[in-house]
1. On full extension of the chain, what length is gained from residue 175 through residue 192, given 0.36 nm per residue of separation minus the C-alpha to C-alpha distance?
2. At what distance in angstrom do the alpha carbon centres of the stretch 103-131 and the stretch 3-24 lie from each other?
3. How would you order 171-179, 72-80, 261-269 from highest to lowest mean count of nearby Cβ atoms within 10 Å?
4. Given a Förster radius of 51 Å and the C-beta distance between residue 234 and residue 202 as r, what FRET efficiency does 1/(1 + (r/R0)^6) yield to the nearest 0.05?
5. Please list 36-47, 9-20, 99-110 highest first by mean number of surrounding beta-carbon atoms within 10 Å per residue.
6. Based on the Cβ-Cβ distance of residue 5 and residue 264, what FRET efficiency does E = 1/(1 + (r/R0)^6) give at R0 = 45 Å, to the nearest 0.05?
7. Zone of residue 88 (label point 7 Å along Cα→Cβ, backbone N under 20 Å): which residues in the stretch 213-254?
8. When a/c reaches 1.5 or more, the comparison of a/b and b/c decides; with that in mind, is the stretch 145-263 rounded, prolate or oblate per its Cα gyration tensor?
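The numbers here are math on the coordinates, done by the rules we state, and not lab data. Only a predicted model underlies this, so the values are computations on that prediction, with no experimental measurement involved. Methodologically, a virtual Cβ is constructed for each residue, glycine included, from the backbone with ideal geometry; neighbour enumeration extends over all protein chains shown.
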């Protein structure tokens, strides 16, 4: 196994009685990256600095729960069988966090958080997308440490080495077989997508919702291809495709439709100097409502005729 990308020999370390898993660390670092980047982008849209934390306390835990539930429901034979330890359903640190479940549940959590924080949901979603892509990219590094998310055997020089002792190692293949590093492909794709969205946002005026739509198309297309290459089995198919392929294709289609509709009917969020956006704690201490309006009017300040605005 001298060729290819070697997989890590460990996936955790101990601090006293506490075992720290690299998978969990990667997810946490990704969350921090998304929060920091989104906070800056929201400030350029006139939202108080720090409000992102008020939204994150709803979106993050609900998203993690949704991602785990989605994985367990779509892989029931991994958790529910004679003699199974049902506590493994909650062992998220061992891997098994479905991004589609996290997106669906996290969207609900973000909507709740936005309503409570008096921030327009579409404005928040547009601000979040580059950070979300980077968070997902960093989270895929956790798959590397867990020796998961790989594809068919390959002779490519960047093929991934997988230990034969790994529970997911395909039966019947000889030791030393290299596999397509799907986690790496998705990492690179997500990073490129985040940088591209931010670069284009500085050159063109995205309408409200178009950055969200761009994410749906970019990520949906990639996942549709990568899901078709994955070796790990799935127990749910629809129209002859794995359920995750169906969802990825649907995501991309919804993104295209949303991008076109918002391009014709949408408006552009106005740009403000980020330095003029007050900290959330200070605004609340002053008893101010901030720049976000009230929950009853969707809380967004839009400028229908300001297509030259570039909040990114």
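1. Full-extension gain reported as 2.8 nm.
2. 32 Å
3. Numbers: 171-179: 13.1, 72-80: 14.7, 261-269: 16.9.
Top to bottom by mean Cβ count within 10 Å: 261-269, 72-80, 171-179.
4. Numbers: r = 40 Å, r/R0 = 0.78.
Plugging the Cβ-Cβ distance into 1/(1 + (r/R0)^6) gives 0.80.
5. Per-residue Cβ counts within 10 Å, averaged per peptide and sorted highest first, yield 36-47, 99-110, 9-20.
6. The formula returns an efficiency of 0.50 here.
7. Taking a point 7 Å out along Cα→Cβ of residue 88, the residues of the stretch 213-254 whose backbone N falls under 20 Å are 231-236.
8. oblate
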